[in-house]
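Enquirer: Pasting a structure here, questions to come.
The values are calculated or read from the model by the stated rules, or taken from the named source; none is laboratory data. As the structure is a prediction and not an experimental result, all values here were calculated from the model. Virtual Cβ from ideal backbone geometry, glycine too; neighbours counted across all protein chains shown.
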Amino acid sequence: MAVFNTKKPNFISMDLGTSYTLVYVAGTGVVYNEPSIVAYRIKDNHIIAVGNEAYKMIGKGNKAIRIIRPMEDGVITDIRATEAQLRYIFNRLRIAKQLKGSVMLLACPSTVTELEKNALKKIATNLGAEKVFVEEEVKMAALGGGVDIYKPVGNLVIDSGGGTTDVAVLSSGDLVLSKSVKVAGNLFNEEILKYIRSQYGLEIGIKTAEMIKMEIGSLAKYSDERKMKIYGRDIVSGLPREIEIGPEEIREVLKVPVSRIIDLVVQVLEETPPELAGDIFRNGMTICGGGALIRGIDKYFEDTLQLPAKIGEQPLLAVINGTIKFESDIFELLRREQTKQQELNY
């Protein structure tokens, strides 16, 4: 603990999401914000691309390349790939020196097991961190999304990312209860892909499905609705073909998986202590993550659940912004640990 006696160590935080990985370095800001994708050369298992460069290879690779997501549906699928990804990122950013003796905060989905948390802590230690903390993404999203989690008031937060949606009630600085469902951005893309195939007999890639979601995806009508042209391969002839789809079609596709998130919110509300439930009835819910960017999602939740709903501040950056705000809490905890240790020594 002597490192904390001389000078304040570097603070580094990471949002290890299914879709995106973000890295924050105190004094510099968010230095990395790219897709959580790694491309390997199969022959020697060597990383050839990470993040945006690896994302460009999706659907356009070859048999010599393997493209993976180190985290799928909120679960770490490959711990070695996770470590290799982080090493690659830090080497590329040239911040290896800043890692040595640093305090690191990792934000992870609530579905990550204790075993995986310990593995992540070991990775961070191997990278040079002195102290490593792991917090749930939904808690950080609430903090970064503008929710005052420290008041003794019930707050309902929905964090819809790429692999999972976490629904949590927070009060007095911590989680009261939380639940998770594997329904989020990636599943929305898959549902759109399936719909286009079954309705139009057209095979499209997952990147095209994501583009459709972002361009015309909605859960309520909006003013400048327009149709969209997409291209793919005809499943009968095998030839390239173009079709035109409208927002109303995609709206109906998205309502099916979103209904599962609604069900999860109801489950959480049913288990919420009465006093906190009263706070939520008055204050409503806050929606964060990439799912918050779907047009009309707040109105849809409001109408369905009969509770006020709002989009959190900078929903895509809510988790990493939450880790930044949590820095003071981390150092206060370390200060207390150090004081306690000094008292024991005396």
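Enquirer: Under 6 Å between Cβ atoms, which residue pairs at least 6 apart in sequence (or on different chains) link something in region 335-346 that is surrounded by 11 or more Cβ atoms within 10 Å (Cβ to Cβ) with a partner that is in a helix (DSSP H, G or I) and at pLDDT below 80?
Expert: That search, which allows pairs on different chains as well, returns Gln338/Phe4.
Enquirer: Of all the residues that make up region 59-93, how many are touching a helix residue (DSSP H, G or I) at 6+ places or on another chain (Cβ under 8 Å) and either outside any strand (DSSP E or B) or of a type in the set (Val, Ile, Thr) (or both)?
Expert: Final tally of qualifying residues: 13.
Enquirer: Count, please, the residues in region 145-192 that happen to be assigned to a loop (DSSP other than H, G, I, E, B) and of a type in the set (Asp, Glu). Give the steps one after another, and end with the answer.
Expert: Step one: list which residues in region 145-192 are assigned to a loop (DSSP other than H, G, I, E, B), which gives 145-154, 161-164, 172-173, 182-184.
Then keep just the ones that are of a type in the set (Asp, Glu); that gives 148.
Counting residues in region 145-192 that are assigned to a loop (DSSP other than H, G, I, E, B) and of a type in the set (Asp, Glu) gives 1.
Enquirer: Name, by its number, the condition in (1) surrounded by 18 or more Cβ atoms within 10 Å (Cβ to Cβ); (2) not in a loop (DSSP other than H, G, I, E, B) that does not hold for Met211.
Expert: The failed condition is (1).
Enquirer: Further, regarding this structure: Quick check: anything in region 274-282 part of a loop (DSSP other than H, G, I, E, B) and surrounded by fewer than 12 Cβ atoms within 10 Å (Cβ to Cβ)?
Expert: The first filter runs over region 274-282 and keeps only residues part of a loop (DSSP other than H, G, I, E, B), leaving none.
No; the residues of region 274-282 include none that is part of a loop (DSSP other than H, G, I, E, B) and surrounded by fewer than 12 Cβ atoms within 10 Å (Cβ to Cβ).
Enquirer: In region 36-71, what residues are surrounded by fewer than 20 Cβ atoms within 10 Å (Cβ to Cβ) and either assigned by TED's automatic domain parsing to the domain that holds Lys207 or touching a Gly at 6+ places or on another chain (Cβ under 7 Å) (or both)?
Expert: Gly59, Ile67
Enquirer: Something else about it: Here's a check for you: in region 315-334, which residue that is polar (S, T, N, Q) and in contact (Cβ under 8 Å) with a residue 60 or more places away in the chain is surrounded by the fewest Cβ atoms within 10 Å (Cβ to Cβ)?
Expert: Quick first cut of region 315-334, residues polar (S, T, N, Q) only: 321, 323, 328.
Filter once more, so that each one left must be in contact (Cβ under 8 Å) with a residue 60 or more places away in the chain: 321, 323.
On the way: Asn321: 26, Thr323: 28.
Out of the qualifying residues, it is Asn321.
Enquirer: For region 207-253, which positions are more than 16 Å from Lys194 (Cα to Cα) and hydroxyl-bearing (Ser, Thr, Tyr)?
Expert: Correct list: Ser218, Tyr222, Ser223, Ser237.
Enquirer: Which residue, of Gly145, Gly101, is among the small types (Gly, Ala, Ser), farther than 27 Å from Asp166 by Cα, in contact (Cβ under 8 Å) with a residue 60 or more places away in the chain and surrounded by 15 or more Cβ atoms within 10 Å (Cβ to Cβ)? Break it down into steps so the answer makes sense when it comes.
Expert: Details: Gly145 fails: farther than 27 Å from Asp166 by Cα.
One residue alone meets the criteria, Gly101.
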